[in-house]
1. Ranked from the most accessible area to the least, with a 1.4 Å probe and all protein chains present, what is the order of Val174, Val153?
2. Using heavy-atom solvent-accessible surface (probe 1.4 Å) with all chains present, what is the largest-first order of Glu178, Glu170?
3. Using a 1.4 Å probe on the protein heavy atoms only, what accessible surface does Leu156 show? Give it in Å² to the nearest 10.
Amino acid sequence: MLAATVMVAAAALCVWCAARSRSPLQIVAASVMFMAMLDHGITLLVSPVIWAALLIGGSLLVGASLRPAQVDTGAGAGGPELSSDRAQGVLCAIAYPAMAALMLLRTAPPFTRGAEIAASGVAAMNAGAESGIGEVVHHHGGTPPAGWLVAAVVVLVVALGGVAVAALREGRRVAAVEAGAMSLMLGSMLA
C-alpha cells in the first residue's frame with residue numbers, strides 16, 4: 001500500500017508541476033498519468049493495457065511540448081548542448097512508456113515456462129520425435145525476461161534523480177520537484 005500511495009502522491013506532484021508550466025499538452029499528459037497511477041495503485045477499474053496506451057500517448061504529448069533546442073552557432077564545433085530543461089523534458093517523456101511497461105509487467109500473468117516445455121515435450125514425443133525433446137527444453141519462447149526493463153528503469157530513475165538535484169542547485173524548484181517525483185514514482189513501481 002505504501003508503494004501505491006507514493007505513486008499517487010508523486011503523480012499528483014507532476015500534475016501540479018504541469019499546471020505551473022501552463023503547457024496544455026503537459027497538463028493533459030500529467031493528468032492521464034495521475035489517473036493511471038490512481039487506478040493502478042488503488043482502484044483497479046480500468047485495464048492496464050488501456051492505461052499503457054494512454055501513457056504512451058502522454059509520452060508523445062510531453063515530447064511534442066518540448067521546444068526545439070537553441071543552437072549557439074558561435075560556440076565551437078561540438079554542436080548544440082542539451083540544456084537542463086530539455087534534458088528533463090526528454091527524460092520525463094521517456095518515463096511515460098517506462099511506466100506503461102512496468103504497469104504491464106506487474107499485471108502480466110506469471111510466465112509458465114515449465115508448463116510450456118512440458119506441453120511441447122509431450123507434443124514432440126507424440127509426433128515420434130524423441131530427439132527433438134532436447135531442442136524443446138532449450139526453446140526460449142514466451143515473453144522476454146523483464147531484467148532488461150528493470151535495469152533500464154533503474155538507469156532512468158538515477159538519471160531523473162540527477163536532473164532533480166541539478167535543477168535544485170540551479171534554483172529551479174518546480175523542475176526539481178517534477179524530476180524528483182518522476183524518479184520516485186518509477187522507483188515505487190519497481191518496489
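The values are calculated or read from the model by the stated rules, or taken from the named source; none is laboratory data. The model shown is predicted, which means the values in this text are computed figures rather than measured ones. These accessible areas exclude ligands, DNA and RNA; they are computed on the full protein's heavy atoms, side chains included. Shrake-Rupley method; radii C 1.70, N 1.55, O 1.52, S 1.80 Å.
1. On the way: Val174 45, Val153 5 Å².
I get Val174, Val153, largest accessible area first.
2. On the way: Glu178 40, Glu170 105 Å².
Per-residue accessible area, sorted high to low, gives Glu170, Glu178.
3. Its accessible surface works out to 20 Å², give or take rounding.
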